[in-house]
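Single-structure report; data block below.
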Amino acid sequence: MSAHTVIKKTRRLPIKGETLVNAGDTVEPHTVVARALLPGIMQTVRVADQLGIEAKDLPNVLKVKVGDEVEKDQLIAESKGFMGLFKGQARSPIKGTVELIQGDFGHVGVREPPTVIEVLAYISGKVVEVLPEEGAIIETEGALIQGIFGVGGERQGTLMMIASSPDQALNAEDIPAQCEGKVLVGGSGVTAEAIRKAATNGALGIVVGGLKDSDLIAYLGRDIGVAITGQEDIPLSLIATEGFGNVRMADQTFELLKALEGRAVSINGATQIRAGVIRPEIIAPGHRPENLAARADGAQTLEIGGRIRAIREPYFGAIGRVTALPSDLVKVESGTLVRVLEAELEDGSRVTIPRANVEIIVEK
């Protein structure tokens, strides 16, 4: 978590396309950074078979040519029939474009319209690097809060505090009737009923300390793994800042979110805990606290007795306290030599964890 930091986001197409911005451009969350066209599926119309003619006679019955746009059920070929009667007809099964005519086989290929893929800037900021045919890198300054788990994709809304304290769980009666376009902030958790009501009332996101498996399953209608999320077809994004269950939100996180109330934020519930870790996030571009120097992140260092949270497997989400900081490098399962720490987790177990696999929990 940081009250003020430089944030860079790489916005990249899944396939080659066209980059629509230039270095130095100022962008907003909904600015289209890059666009690509995913070719539609081509369907083959077996005209000769349908009309009962030989393939070589295809040119004599066609009513379209390569490049023509056709509508679904549009007539594309018609035989003369017998004495002008009993004409055979072939129609396009889809809306699309005539892409090929195969005289050797008596076939006509019609391709569906392409699917437009667009990548948005996601945050307001400046383009600092163009990725030709792929996208761009956007930079901004502001507040960044990373959660431990989330569901739902990228959204933008206005932050709205609902909980009055970091240990207050959100129930259905806590959700306001007027919360369209809002990202709601609770304390220790949120019930499935509250999530449903928030979605019905137009909220775009909910940020709480913890999420209970039972509430998440009740809302989604199915169990969900924690390996990778973010593609769920749901109307809002959910972010847990601390872990699973009803968990009190960290005081510093709650106070920062409170300071951000009324600001436009970008949120993303996508989570990946294996290789290439992705954490859910709340970004408030432009936030610059008055006492910036006093809140510098550089003051946060690992120390004996300090509280930490594991952000990678096998202890993902576990909270504990540092018991030792060995100076020697240790070889981990991958064969890499890394610096580690020893910690006692909340369940009493003692573990050794790479230092890069934890985050510091700042306590008042």
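The values are calculated or read from the model by the stated rules, or taken from the named source; none is laboratory data. Remember, it's a predicted structure, so these values are computed and weren't measured experimentally. Cβ placement follows ideal geometry from the backbone for every residue including glycine, while neighbour counts extend to all protein chains displayed. The accessibility values were calculated without ligands, DNA or RNA, using every heavy atom of the protein model including side chains. Shrake-Rupley method; radii C 1.70, N 1.55, O 1.52, S 1.80 Å.
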Subset of segment 189-208 that is open to solvent by less than 10 Å² (accessible area, probe 1.4 Å) and in contact (Cβ under 8 Å) with a residue 40 or more places away in the chain - its residue that is farthest from Ser165 (Cα to Cα): Ala203
Residue that is farthest from Asp251 (Cα to Cα) [pool: residues in segment 116-169 that are open to solvent by 20 Å² or more (accessible area, probe 1.4 Å) and polar (S, T, N, Q)]: Ser124
Near pairs, Cβ below 6 angstrom, 6+ apart or cross-chain, from segment 298-319 (over 25 Å from Ala3 (Cβ atoms)) to any residue that is outside any loop (DSSP other than H, G, I, E, B) and at pLDDT 90 or above: Ile304/Val322; Ala318/Leu345
Candidates Ala318, Ala299, Ala310, filtered to the one that is under 26 Å from Val185 (Cβ atoms) and either at pLDDT below 80 or charged (D, E, K, R) (or both): Ala299
Hey, Glu173 over 16 Å from Glu261 (Cβ atoms), open to solvent by less than 50 Å² (accessible area, probe 1.4 Å) and not aliphatic (A, V, I, L, M) or not: no
Flag for Gly262 being in a loop (DSSP other than H, G, I, E, B) and small (Gly, Ala, Ser): yes
Selection status of Val64, at pLDDT 95 or above, open to solvent by less than 40 Å² (accessible area, probe 1.4 Å) and more than 37 Å from the chain's Cα centre (by Cα): yes
Test: residue in segment 87-100 that is within 30 Å of Val265 (Cβ to Cβ), hydroxyl-bearing (Ser, Thr, Tyr) and in contact (Cβ under 8 Å) with a residue 40 or more places away in the chain: no
